[in-house]
1. Check Leu155 against each of (1) in contact with a strand residue (DSSP E or B) (Cβ under 6 Å, 6 or more places away or on another chain); (2) closer than 21 Å to Arg4 by Cα and name the one condition it does not meet.
2. Taking the stretch 100-152 on its own, how many of its residues are within 16 Å of the chain's Cα centre (by Cα) and of a type in the set (D, E, K, R)?
3. Across the stretch 203-223, what is the number of residues that are of a type in the set (Lys, Arg) and within 14 Å of Phe52 (Cα to Cα)?
4. Residues that are among the small types (Gly, Ala, Ser) and at pLDDT below 95: does the stretch 23-42 have at least one?
5. Across the stretch 70-117, which residue is surrounded by the fewest Cβ atoms within 10 Å (Cβ to Cβ) among those that are among the aliphatic types (A, V, I, L, M) and out of contact with any strand residue (DSSP E or B) (no Cβ under 9 Å at 6 or more places or on another chain)?
6. How many residues are among the β-branched types (Val, Ile, Thr) and farther than 13 Å from Thr114 by Cα when one looks only at the stretch 180-207?
7. Just give me the residues in the stretch 5-37 being in contact with a Ser or Thr (Cβ under 8 Å, 6 or more places away or on another chain), crowded, with 18+ Cβ neighbours inside 10 Å and not in a loop (DSSP other than H, G, I, E, B), in sequence order.
8. Which of the residues belonging to the stretch 81-98 are assigned to a strand (DSSP E or B) and within 15 Å of Phe175 (Cβ to Cβ)?
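The values are calculated or read from the model by the stated rules, or taken from the named source; none is laboratory data. Because the structure is predicted, anything quoted here is derived from the model rather than measured. Note that we place each Cβ from the backbone using ideal geometry, even for glycine, and neighbour counts take in every protein chain shown. In case anyone asks, the SASA skips ligands and DNA or RNA and just uses the protein heavy atoms, side chains included. Shrake-Rupley method; radii C 1.70, N 1.55, O 1.52, S 1.80 Å.
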Amino acid sequence: MKKRILIYNCDFDKGRLNTALVIKKLLHNFNVSIVTPHKYEFSSELADYDAFMMTGSRANVDDKDVWIKRLADEIRKIKALKSPMLGICFGHQIVAHALGGKVIRAKQQEFGYTKIELAKAGVANPLFKGISKIFPTFEAHNYIVTEVPNEARILARNKHSIQSYSYRNFLGIQFHPEIDYDIARLVAKREGKELRATKEFLKEERAINEHILLNFGELVKRSKTK
(Lines give C-alpha, C1' and ligand atoms only; values in the text may rest on other atoms or scores of the structure.)
Protein backbone atom coordinates (compact mmCIF):
# COMPACT_ATOMS: atom_id res chain seq x y z
CA MET A 1 0.00 0.00 0.00
CA LYS A 2 1.30 3.46 -0.92
CA LYS A 3 2.00 5.74 2.00
CA ARG A 4 -0.16 8.84 2.22
CA ILE A 5 1.28 12.36 2.13
CA LEU A 6 -0.80 15.49 2.71
CA ILE A 7 0.51 18.65 1.05
CA TYR A 8 -0.57 22.00 2.46
CA ASN A 9 -0.76 24.08 -0.70
CA CYS A 10 0.00 27.63 0.47
CA ASP A 11 0.98 28.69 -3.06
CA PHE A 12 -1.40 31.21 -4.65
CA ASP A 13 -0.22 30.36 -8.18
CA LYS A 14 -2.11 28.02 -10.51
CA GLY A 15 -1.21 25.48 -13.19
CA ARG A 16 2.45 24.68 -13.79
CA LEU A 17 3.52 27.46 -11.41
CA ASN A 18 1.75 25.81 -8.48
CA THR A 19 4.48 24.10 -6.49
CA ALA A 20 2.16 21.65 -4.73
CA LEU A 21 1.30 20.17 -8.13
CA VAL A 22 4.98 19.97 -9.07
CA ILE A 23 5.75 18.08 -5.85
CA LYS A 24 2.80 15.73 -6.28
CA LYS A 25 4.01 14.80 -9.76
CA LEU A 26 7.51 14.08 -8.49
CA LEU A 27 6.26 11.95 -5.59
CA HIS A 28 4.14 9.73 -7.84
CA ASN A 29 5.01 6.63 -5.78
CA PHE A 30 2.92 7.98 -2.91
CA ASN A 31 -0.77 8.60 -2.40
CA VAL A 32 -0.61 12.41 -2.34
CA SER A 33 -3.52 14.62 -1.31
CA ILE A 34 -3.56 18.42 -1.43
CA VAL A 35 -5.45 20.91 0.72
CA THR A 36 -5.38 24.68 0.19
CA PRO A 37 -5.36 26.49 3.55
CA HIS A 38 -5.85 29.98 2.11
CA LYS A 39 -9.16 28.68 0.74
CA TYR A 40 -9.85 27.35 4.24
CA GLU A 41 -9.35 23.74 3.20
CA PHE A 42 -7.98 21.50 5.95
CA SER A 43 -8.09 17.76 6.58
CA SER A 44 -10.45 16.57 9.29
CA GLU A 45 -8.37 13.42 9.88
CA LEU A 46 -4.66 14.20 10.16
CA ALA A 47 -4.00 10.77 11.66
CA ASP A 48 -4.92 9.19 8.29
CA TYR A 49 -1.67 10.48 6.77
CA ASP A 50 1.86 9.12 7.06
CA ALA A 51 3.61 12.43 6.35
CA PHE A 52 3.04 16.10 5.56
CA MET A 53 4.55 18.82 3.39
CA MET A 54 3.96 22.56 3.33
CA THR A 55 4.78 24.74 0.32
CA GLY A 56 6.01 28.25 -0.09
CA SER A 57 3.61 31.19 -0.34
CA ARG A 58 3.40 34.89 -1.08
CA ALA A 59 1.77 35.14 2.35
CA ASN A 60 3.91 35.87 5.42
CA VAL A 61 3.88 34.33 8.88
CA ASP A 62 2.91 37.63 10.53
CA ASP A 63 -0.11 38.21 8.28
CA LYS A 64 -3.34 38.39 10.28
CA ASP A 65 -5.37 36.04 8.09
CA VAL A 66 -7.33 33.43 9.99
CA TRP A 67 -5.99 30.59 7.82
CA ILE A 68 -2.41 31.32 8.90
CA LYS A 69 -3.35 31.02 12.57
CA ARG A 70 -5.19 27.78 11.78
CA LEU A 71 -2.10 26.51 9.97
CA ALA A 72 0.03 27.10 13.05
CA ASP A 73 -2.48 25.05 15.06
CA GLU A 74 -2.23 22.25 12.49
CA ILE A 75 1.56 22.22 12.87
CA ARG A 76 1.27 21.74 16.61
CA LYS A 77 -1.15 18.82 16.03
CA ILE A 78 1.35 17.24 13.63
CA LYS A 79 4.03 17.58 16.29
CA ALA A 80 1.90 15.41 18.56
CA LEU A 81 1.40 12.83 15.76
CA LYS A 82 5.20 12.52 15.33
CA SER A 83 4.75 12.03 11.57
CA PRO A 84 7.43 13.42 9.22
CA MET A 85 6.80 16.91 7.89
CA LEU A 86 8.79 18.99 5.41
CA GLY A 87 8.27 22.76 5.27
CA ILE A 88 9.49 24.65 2.20
CA CYS A 89 10.18 28.42 2.28
CA PHE A 90 6.98 29.79 3.89
CA GLY A 91 6.49 26.28 5.29
CA HIS A 92 9.99 26.37 6.79
CA GLN A 93 9.20 29.73 8.36
CA ILE A 94 5.75 29.00 9.79
CA VAL A 95 6.88 25.68 11.30
CA ALA A 96 9.66 27.51 13.12
CA HIS A 97 7.25 30.27 14.15
CA ALA A 98 4.59 27.84 15.42
CA LEU A 99 7.07 25.79 17.45
CA GLY A 100 8.89 28.59 19.25
CA GLY A 101 11.44 29.89 16.76
CA LYS A 102 11.75 33.43 15.41
CA VAL A 103 10.96 34.72 11.92
CA ILE A 104 11.60 38.29 10.73
CA ARG A 105 11.43 40.31 7.53
CA ALA A 106 14.86 40.23 5.91
CA LYS A 107 16.73 43.44 5.18
CA GLN A 108 16.61 42.52 1.51
CA GLN A 109 14.83 39.94 -0.60
CA GLU A 110 16.78 36.85 -1.61
CA PHE A 111 15.82 35.96 -5.17
CA GLY A 112 17.49 33.78 -7.78
CA TYR A 113 20.11 31.06 -7.84
CA THR A 114 22.53 30.68 -4.98
CA LYS A 115 24.58 28.03 -3.18
CA ILE A 116 23.79 26.41 0.15
CA GLU A 117 26.34 24.93 2.55
CA LEU A 118 25.47 21.98 4.74
CA ALA A 119 26.47 22.00 8.39
CA LYS A 120 27.87 18.81 9.94
CA ALA A 121 24.35 17.89 11.09
CA GLY A 122 23.07 18.46 7.54
CA VAL A 123 25.65 16.16 5.98
CA ALA A 124 24.48 13.44 8.39
CA ASN A 125 20.73 14.05 7.88
CA PRO A 126 18.84 11.64 5.55
CA LEU A 127 17.22 14.60 3.77
CA PHE A 128 20.61 15.45 2.25
CA LYS A 129 21.84 11.91 1.61
CA GLY A 130 24.01 11.89 -1.51
CA ILE A 131 24.08 15.71 -1.69
CA SER A 132 27.41 17.55 -1.83
CA LYS A 133 28.27 19.81 1.10
CA ILE A 134 27.80 22.89 -1.10
CA PHE A 135 25.02 22.76 -3.68
CA PRO A 136 23.03 25.13 -5.95
CA THR A 137 19.35 25.95 -5.59
CA PHE A 138 16.66 28.59 -6.19
CA GLU A 139 15.49 31.14 -3.61
CA ALA A 140 12.55 33.57 -3.47
CA HIS A 141 11.69 34.99 -0.07
CA ASN A 142 11.39 38.15 1.99
CA TYR A 143 11.31 36.59 5.47
CA ILE A 144 13.95 34.50 7.23
CA VAL A 145 14.22 32.24 10.27
CA THR A 146 16.67 33.83 12.73
CA GLU A 147 16.06 31.45 15.65
CA VAL A 148 15.06 27.79 15.37
CA PRO A 149 12.85 26.06 17.96
CA ASN A 150 14.56 24.97 21.17
CA GLU A 151 16.54 21.75 20.63
CA ALA A 152 16.31 22.07 16.82
CA ARG A 153 19.50 21.48 14.81
CA ILE A 154 20.62 23.77 12.01
CA LEU A 155 21.33 21.70 8.91
CA ALA A 156 22.34 24.35 6.36
CA ARG A 157 23.08 28.03 5.89
CA ASN A 158 24.16 30.54 3.29
CA LYS A 159 25.36 34.10 3.76
CA HIS A 160 21.75 35.28 3.83
CA SER A 161 20.14 33.09 6.49
CA ILE A 162 19.48 29.71 8.08
CA GLN A 163 18.57 27.48 5.15
CA SER A 164 17.53 24.25 6.84
CA TYR A 165 16.85 22.80 10.27
CA SER A 166 15.52 19.63 11.86
CA TYR A 167 13.28 19.48 14.92
CA ARG A 168 11.78 16.21 16.10
CA ASN A 169 9.55 15.07 13.21
CA PHE A 170 10.00 18.35 11.29
CA LEU A 171 12.40 19.38 8.55
CA GLY A 172 12.53 22.93 7.23
CA ILE A 173 14.21 24.23 4.08
CA GLN A 174 14.25 27.89 3.07
CA PHE A 175 15.10 27.21 -0.58
CA HIS A 176 12.91 25.75 -3.35
CA PRO A 177 14.00 22.26 -4.49
CA GLU A 178 10.73 21.88 -6.43
CA ILE A 179 11.32 24.86 -8.73
CA ASP A 180 13.31 24.17 -11.91
CA TYR A 181 14.66 26.79 -14.29
CA ASP A 182 11.55 26.94 -16.49
CA ILE A 183 9.34 27.75 -13.51
CA ALA A 184 11.96 30.09 -12.02
CA ARG A 185 12.08 31.99 -15.31
CA LEU A 186 8.30 32.51 -15.27
CA VAL A 187 8.40 33.65 -11.64
CA ALA A 188 11.24 36.07 -12.44
CA LYS A 189 9.30 37.49 -15.41
CA ARG A 190 6.27 38.07 -13.18
CA GLU A 191 8.46 39.80 -10.58
CA GLY A 192 10.38 41.83 -13.16
CA LYS A 193 13.68 40.19 -12.22
CA GLU A 194 16.57 38.60 -14.10
CA LEU A 195 17.91 35.06 -13.63
CA ARG A 196 21.59 34.32 -14.10
CA ALA A 197 22.95 30.79 -14.25
CA THR A 198 24.98 28.68 -16.70
CA LYS A 199 23.50 25.62 -18.42
CA GLU A 200 25.90 23.39 -16.49
CA PHE A 201 24.83 24.96 -13.20
CA LEU A 202 21.16 24.49 -14.04
CA LYS A 203 21.58 20.84 -15.01
CA GLU A 204 23.34 20.15 -11.71
CA GLU A 205 20.79 22.18 -9.75
CA ARG A 206 17.75 20.30 -11.06
CA ALA A 207 19.20 16.84 -10.39
CA ILE A 208 20.34 17.74 -6.88
CA ASN A 209 17.12 19.44 -5.83
CA GLU A 210 14.84 16.69 -7.10
CA HIS A 211 17.04 14.23 -5.18
CA ILE A 212 16.39 16.17 -1.95
CA LEU A 213 12.62 15.77 -2.37
CA LEU A 214 13.02 12.09 -3.21
CA ASN A 215 15.14 11.72 -0.07
CA PHE A 216 12.16 12.99 1.92
CA GLY A 217 10.07 10.36 0.18
CA GLU A 218 12.52 7.67 1.29
CA LEU A 219 12.35 9.01 4.82
CA VAL A 220 8.56 8.68 4.69
CA LYS A 221 8.82 5.10 3.42
CA ARG A 222 11.01 4.20 6.41
CA SER A 223 8.75 5.89 8.94
CA LYS A 224 6.55 3.69 11.11
CA THR A 225 3.13 2.89 9.68
CA LYS A 226 0.27 3.89 11.96
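1. That leaves (2) as the condition not met.
2. Total meeting the criteria: 2.
3. Adding up the residues that qualify gives 1.
4. No, because not a single residue in the stretch 23-42 is among the small types (Gly, Ala, Ser) and at pLDDT below 95.
5. Top of the filtered list is Ala80.
6. Here the count works out to 2.
7. Hits for the stretch 5-37 are Ile5, Leu6, Ile7, Tyr8, Thr19, Ala20, Ile23.
8. Those that are assigned to a strand (DSSP E or B) and within 15 Å of Phe175 (Cβ to Cβ): Leu86, Gly87, Ile88.
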